[in-house]
């Protein structure tokens, strides 16, 4: 296998171990331009910003809701097969998952409108990978134990549920301050998919029952499908061509789609703020390099049946081959290149934030401390605390996370944010992030689930985000 | 300003390094993973009503060879560890019957056989389990070299009598149960 193919497979496999895309530390961190990507209706007070190409926004998250690396590979003297059986095969359930995502901004920028300074425009391009695989419990048990002594037990094929993609996103957003209380925003996106695979609508079962004639009857009732795009050309092609293929697909040469982000920020009063945003409300229409596989049908087998006098009609029949042919006819395994649509994993954020403590001198090109009034609400305070809600649409329904946060600002130079998040992965997820504004240079870094850092191998979830930007508030 | 930035960043990195650690992991354990499922399936079912037996003059009622590639499929043959084949015969005819179940390789050589002599009705169901592999079973080579199963039925009785039981017939059921090593 060539290095290119190996890298691709590693990537696809690796995506399975990455976590969903909750960026609770970055959300509503208004000092950081990349927060605008999480809420196009965020309050923005920059004149313009420019991300350092490829360094302005890098994030990756990984985790699992079931077993951890430490559970399996701890050097504890316990037999490895026993650990796999106890902690994976029998302990994990079909809602457990391995999932995740990464994002890397290629470029990102924004500027305030000159004719209408209430408008702020942002644009950019980023590469995003996202994948999820649910635990195929019944198939794993079937693989480990087999079907012997499992009479009448139905092995559920719907446990096979996975999807993933690698997509390049071009975006353009408008953020508008409607009045002192309300800021709204929307972002249009064009997706150029590099790779996509999904197998999410599977049904069926495999069961061994008492046979009508013979001892046992094995029944397969399957409606399974795996749809892929963008994979075959990479697997079949020359490794030297891979960079060119990827570059072409990133620049509108992939399977294209459209999407929309929308959000708002509303100041309930001078210290309390609510925000809502919905991200990636969109789809991709796959028409290129498609390879899909289907297994659809129902067959029950009791072995070869030789019943006289019927078989005497054609005594030279190859009963074994007939049986194989019959199964293949009843449950055909087929591939096709039909176009298909995949929907993006839509995300929803919401928050309520209470600001308190001293007000922070503004960076705007005015002596704003002198004109602060109760009507001019969009000012930052030293402290903020609140609650955030996150939900993402997944093949087995929405996943939700609830976050409590506290944010502390040290002048206009440093801002810190700490979060406590509850979700299906962890009840002890404490995160920490900081933003440093050194003149025009903006640097931020944040990491999640810090308590798990005492033994990273035992974490269900770890993530980091960082970025480097240049921000201008205009001349003082 | 730059100095502040450097100090804070360095401090945070050092703090992260101080609080983070990883206990010893032994990834070579994966080599010890053992996956050995036991699979079970019917093999062959043979049925002959008494009226057909009566139609065939002489001793041999029929002898049929079935191409059977399930056992010598590479995936199975290379992984099989041990197992058994179970037979069940039921004779509700009025004749004593001699049934021979043979495992035959590609060259037509008989590798192994099971013979059943079943008395006329009324008779109990005859069941037999034959083990292959392991410490006491017959050689697994028999199983993995089998490409044909031959079933022969001989009538040790007459061609005229009729059983008093409803729907008289001879039936042979068989199933295989084998443990294989996937990993």
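We did not get these values from a lab; they are worked out from the coordinates using the rules stated. Predicted model, so just to flag it, every value in this text is computed and none were measured. Note that each Cβ is placed from the backbone with ideal geometry, even for glycine, and that neighbours are counted across all protein chains shown.
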Counting only DSSP beta bridges with both residues in the protein assembly as shown, what percent are antiparallel, rounded to the nearest 5? 95
Using per-residue counts of other Cβ atoms within 10 Å, averaged over each peptide, order A:295-304, A:128-137 from highest down. A:128-137, A:295-304
Kindly express, to the nearest 10 degrees and within the range 0 to 90, the angle between helix A:3-15's C-alpha long axis and the longest C-alpha principal axis of chain A. 80
Defining a contact as two alpha carbons under 8 Å apart and six or more residues distant in sequence, what relative contact order in percent does chain A show? 17
Could you pull the Cα extents of region B:109-157 along its three principal axes, largest to smallest, in whole Å? 37, 24, 11
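What does the structure give for B:24-36 when I average, per residue, the other chain Cβ atoms found within 10 Å of the residue Cβ? Spell out each step's value before the answer.
On the way: counts 6, 10, 7, 4, 3, 11, 4, 1, 6, 6, 7, 9, 4.
The shielding value for this peptide is 6.
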Would you report the distance distribution of C-alpha pairs in the protein assembly as shown as whole percents per 10 angstrom bin, up to the bin with the largest distance? 3, 13, 19, 18, 14, 10, 8, 6, 4, 2, 1, 0
If one compares the long axis through the Cα atoms of helix B:2-19 with the longest principal axis of the Cα atoms of chain B, the angle in degrees, nearest 10, works out at 40
Cβ density ranking, 10 Å radius, fewest first, applied to A:229, A:192 yields A:192, A:229
Neighbouring Cβ atoms within 10 Å as the yardstick, rank B:66, A:283 fewest first. A:283, B:66
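In what sequence, highest mean first, do A:76-89, A:95-108 appear when ranked by Cβ atoms within 10 angstrom?
A:95-108, A:76-89
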Could you work out how far helix A:319-330 tilts from the main Cα principal axis of chain A, as a 0 to 90 degree angle to the nearest 10? 30
What ranking do A:425, B:87 get, fewest neighbouring Cβ atoms within 10 angstrom at the top? B:87, A:425
